[in-house]
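Remarks on the structure that follows.
Only the coordinates and a few stated rules stand behind these numbers; no lab work does. Small disclaimer: the values here were computed from a predicted structure and weren't measured. No Cβ is skipped: glycine too gets one built from the backbone with ideal geometry, and neighbour counts run over all protein chains shown.
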């Protein structure tokens, strides 16, 4: 648990890392914006566990309050004062994601990076109306998600957030300077070269189906995506990852490629299909996906 204050380690051994993450978030005060403090509240699922453990927070126990009870043999431990602890990470995300829990919203790659690095975080859900308000615009000037806050720092743009995390914490960039530079180049390629034609193709299918030019324009948009996918697959070759081991470059690239899950162009590149599957098989990805899915499902239940 590289991100956890060392003074919390006795509690990790005593109560389990998931409870420590929750205690840290609540004690430091950042989590109170997304968790009411009521153990019967569904919003308790907005607090996630440190990814360095595969043990998820028991949400049923959280709702009953049992997840927050201290075992008797830990009663003598006194937690460090809240004012001496660093503020935990808070991630602002869709309150009700339009992707319906498919992990395509742009907070997903940030969640994934946090999970890969073993960093605990709290979640603040915002509505579309709230996203256009002054408070959120102060965090994200374009009224989008995600926004990232930690210890007085506020960042926007998912790629920039992932880059910040990768540079600050070991594990998502190579140590070798040349390999690191190449990984950074691939991070920029993901968001600047591969993603734009994919987004344009997807938006045309979503918004232009009734337009006179839709049928004539689609082959051109599909061909642009095909070209980029073929170039990427040729460079990836038989390697598992773009630059040696798994890096932030793969995290961003796979996040971009997942937008093509229903596209006819992706199956034409089996290397990329396998590449995406390798990324999705990583435990950190699965934890990130489950966390965003749980938020969507809790919202859906609340709306029933």
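With a/c under 1.5 counting as rounded, go ahead and sort the stretch 86-207 into rounded, prolate or oblate using the C-alpha gyration tensor (a ≥ b ≥ c being the square roots of the eigenvalues; past the cut-off, prolate if a/b is larger than b/c, else oblate). Oblate shape, in that a/c is at least 1.5 and b/c is the bigger or equal ratio. Divide the volume of the convex hull around the Cα atoms of the stretch 84-138 by the residue count and you get 95 Å³ per residue. In Å, the Kirkwood hydrodynamic radius of the stretch 200-246 over pairs of distinct alpha carbons? For the stretch 200-246, inverting the mean 1/r across all distinct Cα pairs yields 12.6 Å.
Quick check on the stretch 151-204: take the gyration tensor over C-alpha atoms, sort the square-rooted eigenvalues as a ≥ b ≥ c, and tell me if it's rounded (a/c under 1.5), prolate or oblate. Since a/c reaches 1.5 but b/c is at least a/b, the shape of the stretch 151-204 is classed as oblate. What's the Kirkwood radius of the stretch 119-158 in Å, using all Cα pairs? About 10.6 Å, per the Kirkwood formula over Cα pairs.
When the P(r) is computed for the stretch 177-268, the part past 22 Å accounts for 31% of the Cα-Cα pairs. For the listed peptides 162-170, 127-135, 150-158, a ranking on the average number of other beta carbons within 10 Å per residue, highest first, reads 162-170, 150-158, 127-135. For the stretch 250-297, taking Cα atoms only, Rg and Dmax work out to 11.7, 34 Å respectively.
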